[in-house]
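See structure below.
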There are 2 protein chains.
Amino acid sequence: MVDDRPPAVVLLSGGLDSATVLAMARDDGFAAHALSFDYGQRHRAELIAAALQAERGGAASHRVATIDLRAFGGSALTSDLAVPKDRDPEASGDEIPVTYVPARNTIFLSFALGLAEVLGARDVYLGVNAVDYSGYPDCRPAYIEAFGSMANLATRAGVESPDGSWLRIHAPLIEWSKVAIIRRGLELGVDYGLTHSCYDPVADAGRALGCRPCEHCDACLIRQRAFEELGGRDPALG
Amino acid sequence: MVDDRPPAVVLLSGGLDSATVLAMARDDGFAAHALSFDYGQRHRAELIAAALQAERGGAASHRVATIDLRAFGGSALTSDLAVPKDRDPEASGDEIPVTYVPARNTIFLSFALGLAEVLGARDVYLGVNAVDYSGYPDCRPAYIEAFGSMANLATRAGVESPDGSWLRIHAPLIEWSKVAIIRRGLELGVDYGLTHSCYDPVADAGRALGCRPCEHCDACLIRQRAFEELGGRDPALG
């Protein structure tokens with residue numbers, strides 16, 4: 001069967017936001033080529049979740065690129081930090097998260113740009129959210145726009161396009177609340193039981209992701225509250 | 001001994017241009033932290049050359065990051081293409097080079113940005129040259145400038161800097177001829193015998209790089225002509 005939908009690259013982390021964006025890219029009419037990164041994240045459940053989302057979410061393909069964090073010197077980025085529990089997630093402030101990758105979105109988007117070039121895709125989707133990550137410059141609209149301008153100067157297709165807007169970076173969730181994200185995802189049939197957000201999961205061989213959420217870290221609490229606000233329950237809790 | 005020079009990141013490919021830029025960064029007063037990439041290039045001599053240049057060129061450190069090209073689908077990028085011999089290098093036109101990396105400079109600069117963030121460096125040096133690579137959009141000044149604007153929006157340090165110009169991308173060779181590059185490098189004491197440019201080297205265990213140049217590919221011819229124009233001989237020829 002020939003897939004005559006235009007291709008798009010979707011950055012798929014295994015979390016709730018990018019699972020939603022994958023469904024939105026499909027809903028927009030694209031053949032969604034998912035791209036995940038193995039950067040030594042503490043929880044491989046993220047990559048398992050991404051693989052299952054790509055499979056069940058109807059991605060046209062799924063790739064996992066390895067990012068070599070040793071290049072950045074290492075220990076500070078991979079050390080075992082304690083995960084705060086049962087605190088007000090809104091109060092998380094300026095702390096560096098456990099899975100910090102320097103220049104993270106820039107590196108991820110650069111690989112997405114490379115894959116777009118190879119696939120002949122003009123569209124890249126990513127699930128950044130400025131509400132969750134207000135402390136991160138590279139989750140703001142101005143950054144996304146600047147990356148797009150740079151990308152259009154970086155590629156032959158971009159330079160040759162009449163209006164210099166070859167690459168379109170879609171960050172549809174950037175101003176959305178978690179409630180709005182989940183509401184849209186549920187409309188599109190996203191199975192949030194296959195998404196992993198927890199910073200401190202508990203091993204559980206009986207589950208598809210090999211673990212269950214701790215239910216007490218910031219990431220777990222943010223999800224729980226959003227599902228409750230929608231009158232339901234986080235399906236990741238089982 | 002405390003190194004009180006400010007840190008800079010220098011992208012070091014093992015070739016002639018970036019070896020020159022390493023010397024220029026040191027001459028500008030920086031502690032030069034070299035960053036190379038293992039992207040499955042056909043000739044490991046490039047990485048050996050980069051290591052030797054970092055060592056003898058007085059780099060403050062040298063890192064090699066692995067870029068996972070399998071993420072881009074592979075075969076078209078790693079296939080054994082024939083290397084054209086003894087043709088006019090000026091006539092090379094639009095062909096894709098043997099070691100093509102999609103979104104190459106964007107990916108390389110993204111890693112450099114990450115390393116700059118980790119090192120607290122404001123300065124990144126790279127040896128792109130618009131004269132050699134006129135077909136490549138990502139070797140032009142407009143691209144370098146756009147990457148810098150994006151990088152300053154991507155990082156906390158950039159956003160917090162008063163004029164939004166935290167990161168400075170130095171591409172000092174961008175408009176230089178090969179003759180001008182080599183002339184400057186010789187002034188700064190660069191050992192061009194430790195640089196690798198050849199697309200089709202011949203194994204030679206008796207040499208530091210493990211090979212000698214073919215003397216007939218475009219890259220070899222461009223170097224030879226430049227050294228001859230300066231009244232000398234390419235030291236890579238031995």
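Looking only at the range A:42-82, filter to residues that are among the hydrophobic types (A, V, I, L, M, F, W, C), surrounded by fewer than 17 Cβ atoms within 10 Å (Cβ to Cβ) and outside any helix (DSSP H, G or I); which one of those is modelled with the highest pLDDT?
Checking each candidate, the answer is A:82.
Find the residue count for the range A:120-151, including only residues that are more than 8 Å from chain B (Cβ to nearest Cβ) and either assigned to a helix (DSSP H, G or I) or in contact with a strand residue (DSSP E or B) (Cβ under 8 Å, 6 or more places away or on another chain) (or both).
Residues that pass the stated criteria total 13.
Give the number of residues within the range A:24-38 that are buried (at least 20 other Cβ atoms within 10 Å of the Cβ) and either in contact (Cβ under 8 Å) with a residue 60 or more places away in the chain or over 13 Å from the mean Cα position of the chain (by Cα) (or both).
The qualifying residues number 8.
Tell me which residues, restricted to the range A:44-63, are over 13 Å from the mean Cα position of the chain (by Cα) and either without any contact (Cβ under 8 Å) to a residue 60 or more places away in the chain or within 14 Å of chain B (Cβ to nearest Cβ) (or both).
A:55, A:58, A:59, A:60, A:61, A:62, A:63
Being farther than 16 Å from residue B:17 by Cβ, of a type in the set (Asp, Glu) and out of contact with any Phe, Trp or Tyr (no Cβ under 9 Å at 6 or more places or on another chain) narrows it down to one residue among B:187, B:145, B:160; which is it?
Of the residues listed, the single one that is farther than 16 Å from residue B:17 by Cβ, of a type in the set (Asp, Glu) and out of contact with any Phe, Trp or Tyr (no Cβ under 9 Å at 6 or more places or on another chain) is B:145.
As an exercise: evaluate residue B:21 against (1) outside any loop (DSSP other than H, G, I, E, B); (2) surrounded by fewer than 24 Cβ atoms within 10 Å (Cβ to Cβ) and give the number of the one condition it does not meet.
Single failed check for residue B:21: (2).
The values are calculated or read from the model by the stated rules, or taken from the named source; none is laboratory data. On a predicted model such as this, the values are computed, not experimentally measured, just so you know. Please note: Cβ atoms are built from the backbone with ideal geometry, for glycine as well, and neighbour counts cover all protein chains shown.
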